[in-house]
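First the structure, in the form of structure tokens, and then the observations on it.
The values are calculated or read from the model by the stated rules, or taken from the named source; none is laboratory data. Being a predicted model, the structure only gives us computed values, none of them experimental. Heavy atoms of the whole protein, side chains included, go into the accessibility calculation; ligands, DNA and RNA do not. Shrake-Rupley method; radii C 1.70, N 1.55, O 1.52, S 1.80 Å.
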Amino acid sequence: MTYKTFTFPQFPEVTVFASYYSGISSETLKTVKSELVSGNKEYDYCFVSTTHLISLEQLCCSLHRSIQNRELQRMKAKTINTEILYNLSPTNNINEALKRFGVDETRSDIIVLKVLQAADATKSALETIDSDLRSLLGGDSTRNISDSTLRETVDLKKLFKLFKIQAVNDDAADAQLRYSNDAIAASLLRGC
């Protein structure tokens, strides 16, 4: 089992499936992107590029805010999947969020999320989702999604530019925490 599930105490009826896939061809990612644009229900997942993602905390903040917005009927996007990408972004532009955090054909890795009702998040259902995604992406999901994985896959130059973060000379773990906090703050404070 290489996927994770996230739950939030405020929303016990919701479970989020999350998995990291690598070794995906650019052709497959182009297909995924075109199927998402066309609204194919087989692709009802949130595909997140790891380019600007520095920590699980950054991802969880976006998930929580997106689920909260859906529950309170305050979503800015049409779907929960797009809302997650929007809430990762430090800008108020949904198209910009899709461009920065959505499928990136120049990379060979991606994080896939699926927001489920807790009742539908049985172990067999989660295994089926993981199996379906492996078939769909033709990639490998042998690594767990973790802060260390994200530290290795983030493009720091692009992260600094997008979130207007200054580089620090701390050790890797301290720097990652600081960058994560700065990225979360930029996303939460957008438009203020």
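Worth pointing out:
- Carbon + sulfur, % of accessible area of the range 25-156 - ligands and nucleic acids excluded, 1.4 Å: 46
- Taken over the chain, the percentage of Cα pairs per 5 Å bin, counting from 0 up to the bin with the maximum distance, is 1, 8, 17, 21, 22, 17, 10, 4, 1, 0.
- Accessible area in square angstrom per residue, the range 48-89, 1.4 angstrom probe: 37
- Of the residues H52, H64, ranked by 1.4 Å probe accessible area with the largest first, the sequence reads H64, H52.
- Accessible-area ranking of R65, R143, largest first, probe 1.4 Å: R143, R65
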